[in-house]
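Data block below; observations after.
The values are calculated or read from the model by the stated rules, or taken from the named source; none is laboratory data. Here the structure is a predicted model, which is why all the values come from computation and not from measurement. Methodologically, a virtual Cβ is constructed for each residue, glycine included, from the backbone with ideal geometry; neighbour enumeration extends over all protein chains shown. Surface areas here come from the heavy atoms of the whole protein model, side chains and all, with no ligands, DNA or RNA. Shrake-Rupley method; radii C 1.70, N 1.55, O 1.52, S 1.80 Å.
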Amino acid sequence: MTRLVRAELFKLRTTSLWWLFAGATLISTAVMLAVNLVQAHELLQPFDKFVALHAHGRNVAQMPPEFLNRLRGEWELGHSAVTQAATIFTAGQLIGVLLACLLGIVLITSEFHQQTATTTFLFTPHRGAVIAAKLVTAVIVAAASWLASTVLALVVGAIFLGSEGYGTQLGQWGVVRAILLNLAAYAIWAVFGVGFGALIRSQLAATVAATVLYLVGAAAASGVFDLLYTYVIKQDWILTAQVIVPSVASTVMISPTKTFDQSPAQWVGAAVLLGYGVVTALAGTRLLRTRDIS
């Protein structure tokens, strides 16, 4: 297995693929980081200032507890330093996990695109070992992409939060958990990409389909589930069910607070995303082990 993984890593190092993905990872992280910093500058404010802004001239001490609790919920949803720190430190996820998925797709479909699958499986007759090596390689490279993205976000984010007077917030478990779950998201999307590519085999079809599903999936899901909630079943669980969309599950997974009003817990997003990764990896592996590769 070690030999096979080294061979896969060697293939990446000796092509332009690695620096294309590295450049795309750093550029996309920098762009999203800039956007998140601008938003955080507008949103970061202490809770008492947030309450005063919504008091509309009323005495805060005389506000009903229910109203204050609702305001605290709104503040925690996007205005707290913990939420903004987690968002900043995971800025690379939006495009980074898509790149990890595409990398997994390319690792497996390149064998068919370049017509080297027959040779590869002749040299290593145990197809399961070859596919496992590609899965491990995809996870390793995805983890390296996460590390590069996270280091950039941590350095810039720490300087920004310090200038805003909040500190790094790295002592908060919600922030640390978001960073670690972000690593898990990168790894799962890479596994998903390998499985997805094994199922489709066509490099162009797999990359286009994965990109469209990822970029359009969240917006389409929001629209569809909103329509279902409005016109068919007016129950909150309909909106919560958006988490079955992989891109939505990924966002829910790393957010320390709710990403939308009916958002489920983080572990639900993690479970859904992990399920997609496991199912596609197993299905793709089984298909390649039984399918004619000539």
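Laid out as a table, the results:
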read-out: Any hit, the stretch 236-251, residues being within 27 Å of residue 133 (Cβ to Cβ) and hydroxyl-bearing (Ser, Thr, Tyr); value: yes
read-out: In the stretch 171-195, the residues that are more than 26 Å from residue 21 (Cβ to Cβ) and either touching a residue at least 24 places away in the same chain (Cβ under 8 Å) or among the β-branched types (Val, Ile, Thr) (or both); value: 172, 174, 175, 176, 177
read-out: Residue match in the stretch 31-40 (condition: open to solvent by 60 Å² or more (accessible area, probe 1.4 Å) and either farther than 18 Å from residue 160 by Cβ or at pLDDT below 65 (or both)); value: no
read-out: Failed criterion for residue 226 (all others in (1) over 25 Å from residue 90 (Cα atoms); (2) in contact with a Gly (Cβ under 7 Å, 6 or more places away or on another chain); (3) at pLDDT 80 or above hold); value: (2)
read-out: Enumerated helices (runs of 4 or more DSSP H) restricted to the stretch 175-294, each holding at least 2 residues that are on the phi < 0 side of the Ramachandran plot, within 14 Å of the chain's Cα centre (by Cα) and surrounded by 23 or more Cβ atoms within 10 Å (Cβ to Cβ); value: 246-254, 266-290
read-out: Residue that is nearest to residue 96 (Cα to Cα), among those in the stretch 146-170 that are of a type in the set (Ser, Thr, Tyr), open to solvent by 30 Å² or more (accessible area, probe 1.4 Å) and touching a residue at least 24 places away in the same chain (Cβ under 8 Å); value: 168
read-out: Some residue of the stretch 7-17 being over 25 Å from residue 129 (Cβ atoms), open to solvent by less than 50 Å² (accessible area, probe 1.4 Å) and either out of contact with any Cys (no Cβ under 6 Å at 6 or more places or on another chain) or without any contact (Cβ under 8 Å) to a residue 12 or more places away in the chain (or both); value: no
read-out: Answer residue from the stretch 89-98, given it is among the aliphatic types (A, V, I, L, M) and buried (at least 24 other Cβ atoms within 10 Å of the Cβ) and is nearest to residue 179 (Cα to Cα) among those; value: 91
